[in-house]
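Undergrad: One structure coming up, written as structure tokens, with questions to follow.
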Amino acid sequence: MNREEKAQVIEELVERFSNNNFFYITDASGLTVAEVNDFRRMCFEKGIEYKVFKNTLIKKALDQVETDYSDFETNKVLKGFSGILFTPENGNIPAKVITEYRKKYKGEIPILKGASIERELYIGNDQLSALSKLKSKQELIGEIITLLQSPAKNVISALQSGEHQLAGIIKTLSEKKD
């Protein structure tokens, strides 16, 4: 790969890191070609792009992005084999795909080396479980709307049920006077 090609890859990575609020860096070394292809297929089906890059190119691209990714360097995330999962919309889908893949092959590969979720860093394979339980922005908004609607629904429900009770009490009282 010559300098121009490297510069082009770095530019592409800078654009992807800037445009994707969610990305995972994984290590899939030790998988066979067929297993890697199956992993890529699973990613593709969920709308995730999986690509392998050289660590030096990843580091140079991360250095050009506004967010500080120096913790990736400090914690040796960019050592060894590095594949990146890019997803534009939901931060937990790559974690779920990795977990699903591991269950299918009964293994611990691919290994999560690090992730960036809304520019917050998660480092280490032990973060996979927490990342798979993250809720998307739409799910959180839905929960907040449901919580805000709940008290109003309770008040309306109480008023409607009280209306029938009140009508029944009035009817009973009017019948007793006769």
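Undergrad: If you take the charge dipole of the chain about its Cα centre, with +1 on Lys and Arg Cβ and -1 on Asp and Glu Cβ, which of Tyr69, Ile111, Ile170 is farthest toward its positive end?
TA: Working it through, the farthest residue towards the positive pole turns out to be Ile170.
Undergrad: Turning to a different aspect of this structure: Assuming R0 = 41 Å, what is the FRET efficiency of Lys135 and Val33, from their Cβ-Cβ distance, to the nearest 0.05?
TA: 0.70
Undergrad: Assigning unit charges at the beta carbon (Lys, Arg +1; Asp, Glu -1) and nothing else, what dipole magnitude in debye, to the nearest 20, does the chain show about its Cα centre?
TA: My answer is approximately 520 debye.
Undergrad: Continuing with the same structure: How much net charge surrounds Gly80 when only other residues with a Cβ under 12 Å from its Cβ are counted (Lys, Arg +1; Asp, Glu -1)?
TA: +3
Undergrad: Here's a follow-up. Among (1) 54, 19, 13; (2) 24, 18, 16; (3) 28, 22, 13, which is the computed semi-axes √(5λ) of the Cα gyration tensor in Å?
TA: Answer label, from the structure shown: (1).
Undergrad: Next question. At R0 = 41 Å, how high is the FRET efficiency between Lys104 and Glu11 if r is their beta carbon distance? Nearest 0.05 is fine.
TA: It comes out at approximately 0.70.
Undergrad: Moving to a separate point now. Which residue, Ile48, Leu128, Phe81, has the largest displacement toward the positive end of the dipole of the chain when charges sit on each Cβ (Lys, Arg +1; Asp, Glu -1)?
TA: Leu128
Each reported figure results from applying straightforward, stated rules to the coordinates on display, with no laboratory input. A quick note: this is a predicted structure, and the numbers were derived from the prediction, not measured. Note: ideal-geometry Cβ built from the backbone for every residue, glycine included; neighbour counts use all protein chains shown.
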